[in-house]
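In what follows, a structure is listed as structure tokens, so that the remarks can point back to it.
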Amino acid sequence: MKAVVMNRTGGPDALEIVERPETAPASGQVLVEVAAAGVNFMDIGVRQGMAWTETPNPKVLGVEGAGRVLAVGDGVEHFRPGQRVAWVYAPGSYADRAMVPADALVPIPDGIDDRTAASVMMQGLTASHFATDFYPVQPGDVALVHAAAGGVGLLLTQIIKLRGGHVIGRVSSANKTAVAREAGADHVIVDTEGRFAEEVVRLSGGEGVHVVYDGSGPKTFHASLDSLRRSGTFCWYGPVLGGPGPIDIMSLPKSIKIGYARFFDHINTPALLRAGTGQLFDWIASGDLKIRIGGVYPLAEAACAHADMESRGTTGKLLLIP
């Protein structure tokens, strides 16, 4: 089978497409022919040596995708050869065939195509968790969404609007403004220096926002704090870009609440995974959630996809196609 491996820690040039031997699925595993694999910032973090350090190189990148079942191992009851499936957090998804734990799989409804399904597994589940569980948005709430034209940001904006909230989106360049507004952002701020708090407070009627969703790294942390109203909630995510460093809790303003949203905590059982994806697929089928695929790359061009994502020039979801 063909797979994209990293042979060393480094830049996109550390990635290489190789031929690897194919094995039969073990107990509890499913062999899938990959139709599309998702690209995520966490993949860049792995390549840079920030995660999966216990796994020796060369290792296959990628954790999500969609495709068709080829074979199942012993004990697999809910999936069969020929069935269309999607998955999240199955390391080794940058490949034309992937071995996926059955507990990481969900069936794809007939009305959802493979590329759409692959696009919402990690980022869609993340956005849904943020707006419905971590901070359940209520009608009238005002949210600040960082990277509002990115994969998570576009989905998060739409889900907040579905729940009756208002969105102030922050983007890194003016050419992303229209994309964020198309997703439903009520206001869009263009900022690259982390100087947005004053405008956010003004746009929120002088009080600040109810919730900030910030995965943009340490540069935005303090301005995000300043954007919150009293008793506001700070949802921090995206460790690939680094954390804010030590925090003096006595210096935090306005009785705010800070939390770190960890992906696994909202899909820690197969039942939760399938419930979450079922809600996403229902929203897509009804037209309430629209998926923007911002880039499609051949599997052999995974390095180009990584470079484009790191440049911050992309919008929406990036996919690799074997």
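The values are calculated or read from the model by the stated rules, or taken from the named source; none is laboratory data. Remember, predicted model here, so these are calculated numbers, not experimental data. Here Cβ is always computed from backbone atoms with ideal geometry, including for glycine, and neighbour counts include all displayed protein chains. All accessible areas refer to the heavy atoms of the entire protein, side chains included, with ligands and DNA or RNA removed. Shrake-Rupley method; radii C 1.70, N 1.55, O 1.52, S 1.80 Å.
Quick look at the values:
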quantity: Positive-end residue, the stretch 167-322 charge dipole about Cα centroid, Cβ charges, pick of 173, 314, 268; calculated: 268
quantity: Nearest-20 debye value, the chain charge dipole, Cβ charges on Lys, Arg, Asp, Glu; calculated: 420 debye
quantity: Residue order for 264, 130 - accessible surface, 1.4 angstrom probe, largest first; calculated: 264, 130
quantity: Efficiency of FRET from Cβ geometry, residue 307 and residue 24, R₀ 51 Å, rounded to 0.05; calculated: 0.90
quantity: Largest-first ellipsoid semi-axes for the stretch 222-269, taking √(5λ) over the Cα gyration tensor eigenvalues, angstrom; calculated: 22, 14, 10
quantity: Eligible aspartates and glutamates near residue 317 by straight Cα distance, threshold 17 Å, same-chain separation 8 or greater; calculated: 43, 64, 113, 114, 182, 301, 308
quantity: Per-pair calculated FRET efficiency, R0 = 41 Å: residue 230 and residue 8 via Cβ, rounded to 0.05; calculated: 0.25
quantity: Amide hydrogen neighbours beyond the local backbone of residue 293, cut-off 5 Å, H modeled; calculated: 317
quantity: Solvent-accessible area of residue 314 with every protein chain in place, 1.4 Å probe, in Å² to the nearest 10; calculated: 30 Å²
quantity: All-pairs alpha carbon distance profile, the stretch 128-208, 5 Å steps from 0, percent; calculated: 3, 18, 28, 25, 19, 7, 0
quantity: Per residue convex hull volume, Cα atoms of the stretch 122-278, in Å³; calculated: 108 Å³
quantity: Cβ charges +1 (Lys, Arg) and -1 (Asp, Glu), total dipole of the stretch 1-132, debye; calculated: 140 debye
quantity: Listed residues 132, 116, 55, most fluctuating in the chain (Gaussian network, C-alpha, under 10 Å); calculated: 55
quantity: Square roots of 5 times each gyration tensor eigenvalue, C-alpha, the chain, largest first, Å; calculated: 34, 21, 18
quantity: Residue pairs, from the table 2/161; 161/254; 176/254; 59/176; 2/176, whose Cα atoms sit over 29 Å apart; calculated: 2/161; 176/254; 59/176; 2/176
